[in-house]
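There's a structure below that I have some questions on.
The values are calculated or read from the model by the stated rules, or taken from the named source; none is laboratory data. Keep in mind the model is a prediction, meaning the values are calculated, not measured. As a convention, Cβ positions derive from the backbone with ideal geometry for all residues, glycine included, and neighbour counts pool all protein chains shown.
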Amino acid sequence: MTSETLGGGYINYSIDYVDIRYESVNNSIIRSMYEHEPHIKNDEPIDIWKGGYLLTTSRKWYTPYVSPFDPCPPLGPISYETPIQLYLGFQPQGMEQFSPFDALAHGTLWPGLYTPYTNPYLSKRKELTTNG
Amino acid sequence: MAEPTQVPESYYSDLKSLQAIDFTLVELTLYLDTHPNDLDALKQFNSTAKKSAELREGFEARYGPLRQFGHSLSAYPWQWKDTPWPWQV
């Protein structure tokens, strides 16, 4: 818990998919947790072939909370990348390697640790420009 | 004023080879920090380090010194008077 506010503070934990709501009743804090299911939609891992290597990305999306009085509301949904090493655990020995040139270009020696980045907002921008 | 002479095309490809080998060394160093008992990786590290030294010596013999303060040798006269320096290319 980073910031606990008295009197109905609202914290949105998008990573855990859990909203934690604080309610102040008679100066005592009752914490109630709500699981929100459709809050977040996760893309299926996308298979990308690049330079003969199969690469998988895992991109997730969340919709930020927007106050009805927000003068400059954020655009949603917002995407974030979960790089492959988060799911790998301890790196096993003898993983397949890039050639030195490919390693330099990819920023890692191991294809299994490379996460490609494609612009998730590109399709959205196209819509924006075509709609004026 | 005379234009400074440009380096040949091969300067860039040779430097890139050295850069790629040195990046592999960076990766293997970090890997071995967490996998000190991986003998294959250790062998690869040592052979890659030899390859890097070999490439660097060849590069410096052809195009001049890469590193300052005694880490690279110089022919006579002092080669650092000649441009371009490695950080200018």
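Quick test for you: out of B:41, B:49, pick the one residue that is touching a His at 6+ places or on another chain (Cβ under 8 Å), part of a helix (DSSP H, G or I) and either of a type in the set (D, E, K, R) or surrounded by 13 or more Cβ atoms within 10 Å (Cβ to Cβ) (or both).
Numbers: B:49 fails: touching a His at 6+ places or on another chain (Cβ under 8 Å).
Checking each option against the conditions leaves just B:41.
Each row is one residue, and each column tells you yes or no for (1) modelled with pLDDT under 85; (2) in a loop (DSSP other than H, G, I, E, B).
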| residue | (1), (2) |
| --- | --- |
| A:86 | no, no |
| A:90 | no, yes |
| A:105 | no, no |
| A:108 | no, yes |
| A:112 | no, no |
| A:127 | yes, no |
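Working only within region B:56-89, note down all residues that are aliphatic (A, V, I, L, M) and either on the phi > 0 side of the Ramachandran plot or in contact with a Ser or Thr (Cβ under 6 Å, 6 or more places away or on another chain) (or both). Spell out the reasoning first.
In the first step, residues of region B:56-89 are kept if they are aliphatic (A, V, I, L, M); the result is B:61, B:66, B:73, B:75, B:89.
Matches in region B:56-89: B:66 only.
Residues being within 12 Å of the chain's Cα centre (by Cα), hydrophobic (A, V, I, L, M, F, W, C) and closer than 21 Å to residue B:4 by Cβ: count how many of those fall in region B:54-88.
Residues that pass the stated criteria total 2.
Same structure, new question: Would you check if residue B:47 is modelled with pLDDT of 95 or more and of a type outside the set (Phe, Trp, Tyr)? Full working, then the answer.
Numbers: modelled with pLDDT of 95 or more: yes; of a type outside the set (Phe, Trp, Tyr): yes.
So residue B:47 fits the description; yes.
Taking the condition assigned to a helix (DSSP H, G or I) and under 28 Å from residue A:98 (Cα atoms), does residue B:20 pass?
Details: assigned to a helix (DSSP H, G or I): yes; under 28 Å from residue A:98 (Cα atoms): yes.
It is true that residue B:20 is assigned to a helix (DSSP H, G or I) and under 28 Å from residue A:98 (Cα atoms).
Follow-up. Of the numbered conditions (1) of a type in the set (A, V, I, L, M, F, W, C); (2) touching a residue at least 40 places away in the same chain (Cβ under 8 Å); (3) not in a helix (DSSP H, G or I), residue B:59 fails exactly one; give the number of that condition.
Residue B:59 satisfies every listed condition except (3).
Report yes if some residue within region A:76-85 is within 13 Å of the chain's Cα centre (by Cα), of a type in the set (A, V, I, L, M, F, W, C) and exposed (fewer than 15 other Cβ atoms within 10 Å of the Cβ); otherwise report no. Explain how you work it out, then say what you get.
Restricting attention to region A:76-85, the residues satisfying the condition of being within 13 Å of the chain's Cα centre (by Cα) are A:76-84.
Subsequent filtering for residues that are of a type in the set (A, V, I, L, M, F, W, C) retains A:78, A:84.
Within this subset, residues satisfying the condition of being exposed (fewer than 15 other Cβ atoms within 10 Å of the Cβ) are A:78.
Yes, that holds for at least one residue.
Got a number for residues in region B:1-21 being away from every other protein chain (no Cβ under 14 Å) and aliphatic (A, V, I, L, M)? Quick ask: steps written out before the conclusion?
Narrowing region B:1-21 to residues away from every other protein chain (no Cβ under 14 Å): B:1-11.
So of that shortlist, the ones also aliphatic (A, V, I, L, M) come out as B:1-2, B:7.
Looking only at that region, the number is 3.
Go through (1) loosely packed, with under 15 Cβ neighbours inside 10 Å; (2) farther than 30 Å from residue B:43 by Cα; (3) at pLDDT 50 or above one by one and return the number of the condition residue A:57 breaks.
Here residue A:57 clears every test but (1).
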